[in-house]
1. Within segment 251-265, identify whether any single residue is part of a loop (DSSP other than H, G, I, E, B), within 15 Å of ligand 1 (Cβ to nearest atom) and in contact (Cβ under 8 Å) with a residue 12 or more places away in the chain, and answer yes or no.
2. For segment 75-106, enumerate the residues that are within 13 Å of ligand 2 (Cβ to nearest atom) and at pLDDT 95 or above.
3. Which one is farthest from ligand 2 (Cβ to nearest atom), of the residues in segment 209-250 that are assigned to a loop (DSSP other than H, G, I, E, B) and without any contact (Cβ under 8 Å) to a residue 60 or more places away in the chain?
4. Can Ala207 be described as over 20 Å from the mean Cα position of the chain (by Cα), outside the structural domain of Gln127 (by TED's automatic domain parsing) and among the aliphatic types (A, V, I, L, M)?
5. Going through Ile156, Ile125 one at a time, which residue ends up being within 13 Å of ligand 2 (Cβ to nearest atom) and either in the same structural domain as Ile250 (by TED's automatic domain parsing) or at pLDDT 95 or above (or both)?
6. Of Ala178, Ala229, Ala224, which residue is within 16 Å of ligand 1 (Cβ to nearest atom), surrounded by 16 or more Cβ atoms within 10 Å (Cβ to Cβ), under 26 Å from Glu110 (Cα atoms) and not assigned by TED's automatic domain parsing to the domain that holds Ala117?
7. Check whether at least one residue in segment 118-135 is within 18 Å of Glu221 (Cβ to Cβ) and of a type in the set (Phe, Trp, Tyr), and report yes or no.
8. Working carefully through the options Leu195, Leu163, find the one that is of a type outside the set (Val, Ile, Thr), within 16 Å of ligand 1 (Cβ to nearest atom) and in contact (Cβ under 8 Å) with a residue 24 or more places away in the chain.
Amino acid sequence: MYAWRNPWLRRSVLSLVAISAVTVLVGFVWLPSQHADFSAKGIWDSICRAAGVPNQWGPATTPPKASAGTTNVVLTRDMAKSGAGDAVGRGATIAVQQCSMCHGAQGMSEANAPNLAGQYPEVVIKQLHDYKRGDRVSAIMQNLAQKLTDKDIADIAAYYDSLPKARAAIVQAGEADAPVLVRVGDPMRNIVPCLSCHGGIDHKIGAPWLEGMPKEYLLKEMRAFASGARRNDSFGQMRNMVRPMTPEEIDSVAEFYARREPAVAGR
Ligand code: HEC
Ligand code: HEC
C-alpha cells in the first residue's frame, strides 16, 4: 500500500491504536479492578462485568434462603377457628406470664403495643410465626416468639380470641364520617377501601382487626409497610395499599381506626 509508506499517516494510525488500547484497559480492566467489590478473575471477566454482563448465568448455585424476608405462613380456615378443649386456659396462663406487661391484662394495651383482645386467631398465629422466622422484624417479639411452640401459639391465639374487643365494628359502609379511603378507596391510585379487607364490607382472612388499636401503633405499621421495612404481608397487599397514600391520608385513617367509640350518627 502506498499510503502506508507515508510516515505521518503510519504514526497517527499507530498512535490511535495505542490510545484505544490504553483506554480499553483503563475503562474495562483498571477502573473496575479499583472497585471495592472487584472479584473478577481474568481480563475477559473484567471486560464482561464492565459491559454489564451478569457474572453468573442461569439459576444461582445456592438457592435463596427459605425465608426471603416476606411471609412463609399459608393461611387456612382452620387457623381462624376458635381453640377447642383446654386451649383458652393454657393460652391464658402463658399470656398472663409473658405477654400482659405490654399487651395489657385483658389484651388491651396501655402502652403503644397492639391490642390483642378479640384479634382474629389466624392473625395472631400468622404474626407470631412471622416473628419466629424473622419475617416480621421486632427485637422483642422475635425473641419471645422463638421460645413458643406451635401449640403455645395456637393456644395464645385462642385465648385472645375469647376476650372482648376494644370497640364495636365499623359496620357496612362505615361510620358516616369515615375517611373516603376507608369507605370507597381511590380507584385511580389502586387503593382498595380498607373496609373490603379489614371488615365492614368484607373480611379477608389474615387481615387484622384494627378498630380501637393505639393510633401510634397504626401509624408505625403503615409507615413500615410504605417504606418496605415491614414486608410480611402476603402478596404485598398492604404495601400496595399504603405506598400511594400521602402522610396526611395515613394520619387520617389511623386517627379514624384508633377511635374507641363509634361516632354519634349524624354528627
Ligand atoms: C416488652 C413488650 C412486649 C411483650 C412482653 C410482648 N409483646 Fe407482643 N408486641 C410488642 C410490640 C411493641 C409489638 C409491635 C411490634 C412491631 O411493630 O412489629 C408487638 C406485636 C405483637 C403481635 C402482632 C400484633 C398485630 O396486630 O400485628 C402479636 C401477635 C404479639 N405481639 C403477641 C405477643 C405475645 C403472644 C406475647 C407473649 C408471649 C407478647 N406479644 C409479648 C410488645 C410486646
Ligand atoms: C387487599 C386487602 C387489604 C386492604 C384493602 C387493606 N388492608 Fe390492611 N392489611 C391487610 C392484610 C392481609 C394485613 C395483614 C398483613 C400481614 O399478614 O402481616 C393488613 C395489615 C394492616 C395493618 C397492620 C395491623 C397489625 O396489627 O399488624 C394496618 C395498620 C392496616 N392493614 C391498615 C389498613 C388501612 C388503614 C387500610 C385502608 C387504607 C387497609 N389496611 C387496606 C389487607 C388489606
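1. No, there is no match, as no residue in segment 251-265 is part of a loop (DSSP other than H, G, I, E, B), within 15 Å of ligand 1 (Cβ to nearest atom) and in contact (Cβ under 8 Å) with a residue 12 or more places away in the chain.
2. Within segment 75-106, His103 is the sole residue that qualifies.
3. The extreme case among them is Gly228.
4. In short, no.
5. Ile125
6. None of the others qualify; the one that does is Ala224.
7. Among the residues of segment 118-135, at least one is within 18 Å of Glu221 (Cβ to Cβ) and of a type in the set (Phe, Trp, Tyr), which makes the answer yes.
8. None of the others qualify; the one that does is Leu163.
The values are calculated or read from the model by the stated rules, or taken from the named source; none is laboratory data. Quick caveat, the model's predicted, so the values are computed rather than measured. We place every Cβ from the backbone using ideal geometry, glycine too, and count neighbours over all the protein chains shown.
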